[in-house]
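The values are calculated or read from the model by the stated rules, or taken from the named source; none is laboratory data. Just so it is clear, the structure is predicted and the values come from calculations on it, not from any experiment. Glycine also receives a Cβ, built like all others from the backbone with ideal geometry; neighbour counts cover every protein chain displayed. The protein model used for the area step is the full one, side chains on, heavy atoms only, and it has no ligands, DNA or RNA in it. Shrake-Rupley method; radii C 1.70, N 1.55, O 1.52, S 1.80 Å.
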Amino acid sequence: MHNKRHTDKHLRDEQRIISVLNALDESLQRRIERDVPLCCLTTLQIGGPALALCRIQNIDQARRFHEISREHDIPGFCLGGGSNVLVDDLGFQGLVMRMEITDLGIDGETVSIGAGATFDSLIQETLQAGLTGLEFASGIPGTIGGAITGNAGCFGHDISEFLLEATLLDTQGRVETVGAADLGFAYRTSKLKTSGDILLSAVFRLQRGNLDQAAETRRENIALRRRKHPHETPTAGSYFKNLPPEHPGGRRRAAGQLLEQAGAGNLSSGGAAVFDKHANIIINRDQATCSDVLDLAAKMKDAVHGKFGVVLEEEVRHIRHQQLK
Ligand SMILES: Cc1cc2nc3c(=O)[nH]c(=O)nc-3n(C[C@H](O)[C@H](O)[C@H](O)COP(=O)(O)OP(=O)(O)OC[C@H]3O[C@@H](n4cnc5c(N)ncnc54)[C@H](O)[C@@H]3O)c2cc1C
């Protein structure tokens with residue numbers, strides 16, 4: 001009975017969203033793709049279809065699609081490179097806004113870039129323009145939008161250190177530019193994770209440093225990633241966040257190390273498995289489903305909790321199928 005009610009509501013919600021989308025004017029309809037398999041847009045290659053997807057290539061499109069989602073109470077979320085998300089097997093019952101704004105401008109040591117540009121292209125372009133600072137992050141997959149949302153980083157540095165300001169589309173449909181301090185950055189997080197605001201573009205302050213050294217750091221870091229990370233098997237990188245330092249001012253404890261010591265390195269579930277060279281990385285070894293990954297992640301968490309009494313926190317965001325209220 002409960003399931004039937006659930007299914008009826010699901011169908012009613014779906015019909016309502018479809019009729020809203022069908023009533024849009026032609027120019028907007030042309031920008032919408034239906035039933036887009038999200039597995040093709042995520043690095044884990046998992047996830048069912050989005051009911052609707054639009055590729056956002058300028059601020060006006062972002063504003064208009066955001067307005068549709070808001071006014072008609074259609075669930076929506078912004079997708080970047082899909083390298084830090086796990087999409088539900090049933091897909092997403094709503095409107096996915098794929099961020100594809102990529103404009104780049106360099107003025108002295110100040111660089112502005114669209115949220116849909118890849119983080120790595122920003123590093124490449126700025127090095128070519130003689131600017132250094134971001135090379136430590138070479139090889140991190142995904143877009144500027146995803147990197148700022150999750151305050152991406154490695155080797156003790158993160159993207160927020162270089163950010164001057166960000167232009168957002170807020171949940172009320174207003175476009176506003178805010179300073180980096182307004183984004184509530186912390187380790188692998190920012191306010192964007194929960195606010196529902198969409199990042200449109202960002203401005204960074206870099207420096208004219210030692211270019212040869214920066215190029216060498218870039219080469220080394222890319223080579224290190226190729227050695228340590230899966231580069232052909234689908235993955236979303238580290239599944240759990242590292243733990244806070246045990247003492248103030250100390251280093252974060254690597255979740256991978258705890259997982260290794262807890263014996264999680266050999267775990268698997270269905271088509272999902274722990275990567276053999278890094279116990280904090282889940283790979284889609286053989287047509288894994290979202291449920292396989294969730295099940296495996298739960299086993300990994302249990303192993304660490306059982307051995308160390310510590311609860312790991314997910315870094316990868318689970319995008320649920322989502323029902324309307
Ligand atoms: C092999 C591998 C290695 C990795 N190594 C690292 C690493 O060293 N350090 C690190 O920090 N991460 C790492 N990651 C994780 C991932 O690459 C980063 O988190 C990346 O910054 C995510 O960007 P994305 O565009 O793919 O975001 P997505 O996965 O598309 O989205 C992530 C989150 O950001 C939100 N989002 C995306 N764009 C916007 C926007 N424009 N406005 C508002 N919200 C938005 C999404 O809604 C979602 O909540 C790795 C991943 C892989 C696969």
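Accessible surface calculations at 1.4 Å, restricted to protein heavy atoms, place segment 191-325 at 57 Å² per residue. Ligands, DNA and RNA are left out, and with a 1.4 angstrom probe the accessible area of segment 1-123 is 47 Å² per residue. Screening the chain for DSSP H helices whose Cα atoms reach 24 Å or more along their own axis and whose mean Kyte hydropathy is at least -1.0 gives 290-308. Of the accessible area of segment 35-190, computed with a 1.4 Å probe over protein heavy atoms only, carbon and sulfur atoms account for 46 percent.
Each part reduced to its alpha carbon centroid, segment 289-325 and segment 51-113 end up 25 Å apart. Look at the alpha carbon pairs under 8 Å that are at least 6 residues apart: their mean separation over the length of the chain gives a relative contact order of 17 percent. So what is the relative contact order of segment 10-102, in percent, for Cα pairs below 8 Å that sit 6 or more residues apart? Result for segment 10-102 is 33 percent. Rg and Dmax of segment 259-318, both derived from C-alpha coordinates alone, stand at 10.7, 32 Å. The spacing between segment 128-146 and segment 210-261, judged by their C-alpha centroids, is 15 Å. What you get for the chain, charging only the Cβ of Lys and Arg (+1) and of Asp and Glu (-1), is a dipole of about 740 debye around the Cα centre.
In the chain, the DSSP-assigned H stretches of four residues or longer account for a calculated mean residue ellipticity at 222 nm of -9500 deg cm²/dmol, using -39500 (n - 2.57) per stretch and the full residue count as denominator.
How big, in percent, is the set of alpha carbon pairs in segment 131-255 lying more than 16 Å apart? More than 16 Å apart: 68 percent of the Cα pairs in segment 131-255.
Summing charges over neighbours of P141, with a neighbour being any other residue whose Cβ is under 11 Å away from its Cβ, gives 0 when K and R count +1 and D and E count -1.
Mean-square fluctuations from a GNM of the chain, with a 10 angstrom spring cutoff on Cα atoms, peak among A115, A50, A262 at A262. Geometric descriptor of segment 169-231, per residue, is 150 Å³ (volume of the convex hull of the Cα atoms).
For segment 113-189, chymotrypsin sites (Phe, Trp or Tyr not before Pro) are listed when DSSP marks them as loop and at most 10 other Cβ atoms sit within 10 Å of their Cβ; the list is F155.
The V311 and F155 beta-carbon pair, evaluated with R₀ = 35 Å, returns a calculated FRET efficiency of approximately 0.85. Across segment 54-185, the mean sequence separation of Cα contacts (distance under 8 Å, 6 or more residues apart), normalised by length, yields a relative contact order of 20 percent. Note on the chain: lysine pairs with Cα distance below 17 Å, sequence gap of 8 or more or different chains, count 8.
Is the chain rounded, prolate or oblate when judged by the Cα gyration tensor, a ≥ b ≥ c being the square roots of its eigenvalues, rounded requiring a/c under 1.5 and prolate requiring a/b larger than b/c? In terms of gyration-tensor shape, oblate.
Between L259, S69, A215, the Cα set farthest toward the positive side of the dipole of the chain (charges on each charged residue's Cβ, about the Cα centre) is that of L259. Can you bin segment 58-131 into rounded, prolate or oblate? Criterion: square roots of the alpha carbon gyration tensor eigenvalues sorted a ≥ b ≥ c, rounded for a/c under 1.5, prolate for a/b above b/c, oblate for the rest. Judged from the Cα gyration tensor, segment 58-131 comes out oblate (a/c at least 1.5, b/c at or above a/b).
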